[in-house]
Amino acid sequence: MNVPLLDLKPQMDALREEILQAVTRVIDSTQYILGPEVSRLEDAVAEYSGASFAVGVSSGTDALLVSLMALGIGPGDRVLTTPYSFFATMGSILRVGALPVFADIQPASMNIDPDRVAEQLKKDAAASRLIKAIIPVHLYGQCADMRPIMELADEYGVAVIEDAAQAIGADCLYDGDGREEWKRAGAMGTAGCFSFFPSKNLGGIGDGGMVTTNDPDFADQLRIFRNHGASPKYFHSQTGGNFRLDPVQACVLGIKLKHLDKWHAQRRRNSDLYRQYFREAGLAGDLVMLPSEQYAHAVGHGQYNHHIYNQFVIRVQKRDQLREFLTSRQIGCEVYYPLCLHQQKCLEKYDMPAGSFPEAEQAALESLALPIYPELRPEQLQYVVETITRFFRP
Ligand SMILES: *Cc1c(COP(=O)(O)O)cnc(C)c1O
């Protein structure tokens, strides 16, 4: 049996006619830059995310970059983030000339640890250094622990840019004052950054991204920076860039957005099946650490997207051998990510030795993403677990 890590074909086959009609509409309109398709998607994503405004941009990476630019972050500034994420989280900080500073992750969620964030903010304040922003990442589709992060950001006067690239629609239990409240990824920070890279839960037929915010002035700044910093047209008091979302992508994404909650639910069903099969095989726990669901305990009637499972990431010893074993048996799997951000060669000059962020470094040795996309059949998931069982018990 063949189980690919991701197969985009069933999704496209089901929507093909509707998408072709919409793309034809854009072609015939001759409105090829911004325009009504982009505005319509912006409104829909703002509403879906529970944020007041959304600004379409060219990618998730550019969503981060434009947010940093619109916050005026540049050379001499420090930006606090997780050492365990896709490179773009850190790359955008380096691109504006700022310095990335890291706070280690929580081992269970693999998201940034608010206690480590507090320590670093305190250390910087004591040394009269200035952290200008925090970028928590909602890794694999589950929100970071945002309440303490937002409280710390308030206390220290720091902006928060949510890297929600993997987490569109993920709900976060934001329990202030003993009162339970749910917020959605992108609706909590100063900015929420989304990616429509084809492998994300809401993926285009090319690159695309979006920034959400609740601040009308910040939304205006984002629109200015995505368009060369021009305000009005041909008058530039700032240097932005060409970071606009393409209307062809916008119309495709608008069609797909209507199906997103159904796809999230199918991914969660796949996660439940994996958990059941791993438990039945006696692997769950010691041999295979399953992804922890930080907010699932508070979910009633399944109405919250507490985890949207962009990736289903297990942790195992002998990860590299298991990966090879699965790959040779036609099971797709991938390591997100094999090298922490602080260990990347482009940061060499800042000398952050191995051991600086032990939890992240351990995660980089043990993480393995298994196929979780919506259209997988239960037999395929069963085959994955059977094959992993054969690896551990030959
Ligand atoms: C995908 C991703 C990005 C970048 O998005 P692109 O649209 O590919 O530029 C940034 N951060 C994280 C965590 C991602 O997963």
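The values are calculated or read from the model by the stated rules, or taken from the named source; none is laboratory data. Nothing here was measured: the structure is a model prediction, and the numbers come from that model. Neighbour counts are summed over all protein chains in view; Cβ atoms, including those assigned to glycine, are modelled from backbone coordinates with ideal geometry. All accessible areas refer to the heavy atoms of the entire protein, side chains included, with ligands and DNA or RNA removed. Shrake-Rupley method; radii C 1.70, N 1.55, O 1.52, S 1.80 Å.
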Original post:
Do you know which residues across the stretch 326-349 are within 19 Å of LEU5 (Cβ to Cβ), open to solvent by less than 40 Å² (accessible area, probe 1.4 Å) and not in a strand (DSSP E or B)?
Top reply: LEU326, GLY332, CYS333, VAL335, TYR337
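Residue-by-condition table, conditions (1) in the same structural domain as GLU379 (by TED's automatic domain parsing); (2) more than 16 Å from the ligand (Cβ to nearest atom); (3) in a helix (DSSP H, G or I):
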residue	(1), (2), (3)
GLU18	no, yes, yes
ILE33	no, yes, no
ALA44	no, yes, yes
LEU64	no, no, yes
GLY72	no, yes, no
Subject >> Number of the condition not met by SER328 [criteria: (1) in contact with a helix residue (DSSP H, G or I) (Cβ under 8 Å, 6 or more places away or on another chain); (2) over 30 Å from ASP115 (Cα atoms)] >> reply: (1)
Original post:
Which of the residues that make up the stretch 350-375 are under 24 Å from THR327 (Cβ atoms), in contact with a strand residue (DSSP E or B) (Cβ under 8 Å, 6 or more places away or on another chain) and surrounded by 22 or more Cβ atoms within 10 Å (Cβ to Cβ)?
Top reply: ALA363, SER367, LEU370, PRO371, ILE372
Original post:
In the list THR82, THR89, which residue meets the criterion of being modelled with pLDDT of 95 or more and within 28 Å of SER237 (Cα to Cα)?
Top reply: THR89
Subject >> Residues of the stretch 60-87 satisfying the condition of being surrounded by 24 or more Cβ atoms within 10 Å (Cβ to Cβ) and either without any contact (Cβ under 8 Å) to a residue 40 or more places away in the chain or among the small types (Gly, Ala, Ser) (or both) >> reply: GLY60, ALA63, SER67, ALA70, SER85
Original post:
Yes or no: ASP246 in contact (Cβ under 8 Å) with a residue 12 or more places away in the chain and either open to solvent by 50 Å² or more (accessible area, probe 1.4 Å) or of a type in the set (D, E, K, R) (or both)?
Top reply: yes
**OP:** Quick one: count up the residues across the stretch 116-129 that are open to solvent by 10 Å² or more (accessible area, probe 1.4 Å) and touching a residue at least 24 places away in the same chain (Cβ under 8 Å).
**Re:** 4
Original post:
Right, PRO107: open to solvent by 30 Å² or more (accessible area, probe 1.4 Å) and not charged (D, E, K, R) or not?
Top reply: yes
Original post:
Is it the case that some residue within the stretch 130-145 is touching a residue at least 40 places away in the same chain (Cβ under 8 Å), of a type in the set (Lys, Arg) and away from the ligand (no atom under 16 Å from the Cβ)?
Top reply: yes
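Hey, among GLN321, GLN303, which residue is outside any helix (DSSP H, G or I) and open to solvent by 20 Å² or more (accessible area, probe 1.4 Å)? Please lay out each step first, then the result.
Working: GLN321 fails: outside any helix (DSSP H, G or I).
Of the residues listed, the single one that is outside any helix (DSSP H, G or I) and open to solvent by 20 Å² or more (accessible area, probe 1.4 Å) is GLN303.
Within the bounds of the stretch 150-163, is there any residue that is within 12 Å of the ligand (Cβ to nearest atom), of a type in the set (Asp, Glu), under 17 Å from ASN111 (Cβ atoms) and touching a helix residue (DSSP H, G or I) at 6+ places or on another chain (Cβ under 9 Å)? Working first, answer last.
Of the stretch 150-163, the ones within 12 Å of the ligand (Cβ to nearest atom) are 161-163.
In the following step, the residues that additionally are of a type in the set (Asp, Glu) were identified as 162-163.
In the following step, the residues that additionally are under 17 Å from ASN111 (Cβ atoms) were identified as 162-163.
Then keep just the ones that are touching a helix residue (DSSP H, G or I) at 6+ places or on another chain (Cβ under 9 Å); that gives 162-163.
Yes, there is a match, as at least one residue in the stretch 150-163 is within 12 Å of the ligand (Cβ to nearest atom), of a type in the set (Asp, Glu), under 17 Å from ASN111 (Cβ atoms) and touching a helix residue (DSSP H, G or I) at 6+ places or on another chain (Cβ under 9 Å).
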Original post:
Would you say VAL26 is in the same structural domain as LEU253 (by TED's automatic domain parsing) and over 19 Å from ALA133 (Cβ atoms)?
Top reply: yes
Original post:
Of all residues in the stretch 299-341 being of a type in the set (A, V, I, L, M) and within 16 Å of the ligand (Cβ to nearest atom), which is farthest from the chain's Cα centre (by Cα)?
Top reply: LEU339
